[in-house]
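Undergrad: Mind having a look at this structure? Questions to follow.
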Amino acid sequence: MEANPRGIPKAPFVDNVDQYMKTDTVETTLRKFTEAASKYRFMENSKLQQRVSLEQKIPEIKKSLDLVKYLAGKRGSGTPVKTLFEVNDTLYAHATIPPTDTVNLWLGANVMLEYTLDEANDLLSSKLDIAKTNLNEAIEDLEFLRDQITTMEVNTARVYNWDVKRRREEKKDTTA
């Protein structure tokens, strides 16, 4: 079975319904198609959450990287940096940062580590690259999943319409 680069299986398109229906009943086929569409929708919701999360993280990483680069640029001057420190979303405090060669980075899960400015720059740059790559992959996967959901919905409609047509013909044959 075909799949995209991250292993999401490609939905089969039922081109010839008569041929396809020789192997299964209508109810079984419709149940399989509905189940597959539900799985694709679940994966789509998961990828949407991943995309939203990455879209929030990328600006934060950029902001931290810009600050590290700014501090690295001021490193040799010997003058302290005056800034506003974000305490909360709407609360800032004035801060004076003495010349330094290190920064503390919040890694999450209640972990903060001290890095040299060069190490912090490298770490944040690599995290930014990874986040951008993951975001692009999530967007590609979302497009792929939407196509698969559409394919499964079309398959379901084609089998359902085939069954309605078959029943009408059977009814017409029994009444004639």
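The values are calculated or read from the model by the stated rules, or taken from the named source; none is laboratory data. Not measured: the values here are computed from a predicted model. In this analysis, Cβ positions are derived from the backbone assuming ideal geometry, glycine residues included, and neighbour counts consider all displayed protein chains. Ligands, DNA and RNA are excluded from the accessible area calculation, which covers all protein heavy atoms including side chains. Shrake-Rupley method; radii C 1.70, N 1.55, O 1.52, S 1.80 Å.
Undergrad: Taking only pairs six or more apart or across chains, which ones have beta-carbon atoms under 6 Å, a first residue in the range 112-135 that is in a helix (DSSP H, G or I), and a second residue that is of a type in the set (D, E, K, R) and surrounded by 14 or more Cβ atoms within 10 Å (Cβ to Cβ)?
TA: Pairs that qualify, where the first residue is in a helix (DSSP H, G or I) and the partner is of a type in the set (D, E, K, R) and surrounded by 14 or more Cβ atoms within 10 Å (Cβ to Cβ), are A131/K57.
Undergrad: Also: Sort out which residues of the range 14-46 are free of Cβ contacts under 8 Å to residues at least 60 places away in the same chain and either under 27 Å from I139 (Cβ atoms) or open to solvent by less than 60 Å² (accessible area, probe 1.4 Å) (or both), and write them in order of number.
TA: D24, T28, E35, S38, K39, F42, N45, S46
Undergrad: Now, a different point. Return yes when V52 is under 14 Å from D163 (Cβ atoms) and either modelled with pLDDT of 95 or more or open to solvent by less than 80 Å² (accessible area, probe 1.4 Å) (or both) and no when it is not.
TA: Considered against the rule, which asks whether it is under 14 Å from D163 (Cβ atoms) and either modelled with pLDDT of 95 or more or open to solvent by less than 80 Å² (accessible area, probe 1.4 Å) (or both), V52 comes out as no.
Undergrad: While we're on this one: Return the residue satisfying two criteria in turn: it lies in the range 101-114 and is open to solvent by less than 70 Å² (accessible area, probe 1.4 Å) and within 13 Å of K69 (Cα to Cα), and of such residues it is nearest to the chain's Cα centre (by Cα).
TA: V103
Undergrad: Going through the range 1-18 one residue at a time, which ones are in contact with a helix residue (DSSP H, G or I) (Cβ under 9 Å, 6 or more places away or on another chain) and within 16 Å of K39 (Cα to Cα)?
TA: Correct list: N4, R6, I8, P9, K10, A11, P12.
Undergrad: Of the residues in the range 131-157, how many are closer than 13 Å to P12 by Cα and charged (D, E, K, R)?
TA: Residues flagged as closer than 13 Å to P12 by Cα and charged (D, E, K, R) within the range 131-157 amount to 2.
Undergrad: Taking only the range 68-100 into account, find how many residues are assigned to a strand (DSSP E or B), modelled with pLDDT of 90 or more and open to solvent by less than 90 Å² (accessible area, probe 1.4 Å).
TA: So the count comes out to 3.
Undergrad: List the number of the failed condition for I61; all other conditions in (1) in a helix (DSSP H, G or I); (2) open to solvent by 90 Å² or more (accessible area, probe 1.4 Å) hold.
TA: Failed condition: (2).
Undergrad: Is the range 132-141 home to any residue that is modelled with pLDDT of 90 or more, of a type in the set (S, T, Y) and open to solvent by 100 Å² or more (accessible area, probe 1.4 Å)?
TA: no
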